[in-house]
Amino acid sequence: MAKTSTTTQGLRAAIERSGYYPALVAEAVEAAVGGEPIRSYLVHQETTFDANEVRRHVTVLVLTGNRFIVSHTDEQAADDTSPTPYATTSTESVKLGRISSVVVSRVVANPESYAPGTLPREVVLTIGWGAVSRIDLEPAACGDPNCEADHGYTGNSTADDLSLRVSETGDGPETVRQALAFAQSLSEATADLAG
């Protein structure tokens, strides 16, 4: 989908609906996108509870013809570094060719009666591009229960640059639909580069 005023307006409206410093978030995202056509987007606002404080966080994902853009905005209470509350906004721009994995995990209720097209109860979108990897190691063992030899370690490395969870209950069905649509657009874009 080429960038149209409808796509741009849809992104801005989604940012405004999040209710989370929309002018700040929109400016950061628009600066990162520049003049590129927007193919797809997802806006996810999340509230967390930290001790006696409520913290908000918004993530904006944008897919252009050449890049995947991630924007995070967090708010912070006044602290030693600032006498007033403040927000931190960061954007990362990743070339589509660097995307190594797009994982979509769907949670569905009553799977025995699942009908194609039914909206999942929740979706977890995990995207990897090599900036962050997690290594899980454990002692290796052999099949002999009496063996006391050191067999070294075994494990795996997982690309885990971004993981985003949306649920029908917490975020609403439209956000779940948007997450699935964004994941499909990103998967198609990365497949186009591979093929």
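In table form, for the structure just shown:
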| read-out | value |
| --- | --- |
| Subset tally (residues that are among the aliphatic types (A, V, I, L, M) and farther than 22 Å from Ala189 by Cα) for the range 67-117 | 7 |
| Members of the range 52-64 that are open to solvent by less than 40 Å² (accessible area, probe 1.4 Å) and in a loop (DSSP other than H, G, I, E, B) | none |
| Within the range 104-131, considering residues that are open to solvent by 70 Å² or more (accessible area, probe 1.4 Å) and either in contact with a strand residue (DSSP E or B) (Cβ under 8 Å, 6 or more places away or on another chain) or of a type in the set (Gly, Ala, Ser) (or both), the one modelled with the lowest pLDDT | Gly117 |
| Filter result for the condition that a residue is part of a strand (DSSP E or B), touching a residue at least 24 places away in the same chain (Cβ under 8 Å), of a type in the set (Ser, Thr, Tyr) and surrounded by fewer than 18 Cβ atoms within 10 Å (Cβ to Cβ), over Ser93, Ser71, Ser40 | Ser93 |
| Contacts under 7 angstrom Cβ, first residue in the range 173-192 being open to solvent by less than 10 Å² (accessible area, probe 1.4 Å), partner in a helix (DSSP H, G or I), 6 or more apart | Val176/Glu168; Ala189/Leu96 |
| Residue match in the range 155-167 (condition: exposed (fewer than 11 other Cβ atoms within 10 Å of the Cβ), modelled with pLDDT under 80 and either part of a helix (DSSP H, G or I) or of a type in the set (Gly, Ala, Ser) (or both)) | yes |
| Selection count, the range 73-105, where residues are under 15 Å from Trp129 (Cβ atoms) and in contact with a His (Cβ under 7 Å, 6 or more places away or on another chain) | 0 |
| Within the range 11-31, tally of residues that are open to solvent by less than 20 Å² (accessible area, probe 1.4 Å) and assigned to a helix (DSSP H, G or I) | 6 |
| Single condition Phe49 does not satisfy, out of (1) part of a strand (DSSP E or B); (2) open to solvent by less than 70 Å² (accessible area, probe 1.4 Å) | (2) |
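The values are calculated or read from the model by the stated rules, or taken from the named source; none is laboratory data. This structure is a prediction, so every number in the text was calculated from the model and none was measured. Every residue, glycine as well, gets a Cβ built from its backbone with ideal geometry; the counts of neighbours run over all protein chains shown. Just so you know, the surface numbers come from the protein's heavy atoms only, side chains and all, with ligands and any DNA or RNA stripped out. Shrake-Rupley method; radii C 1.70, N 1.55, O 1.52, S 1.80 Å.
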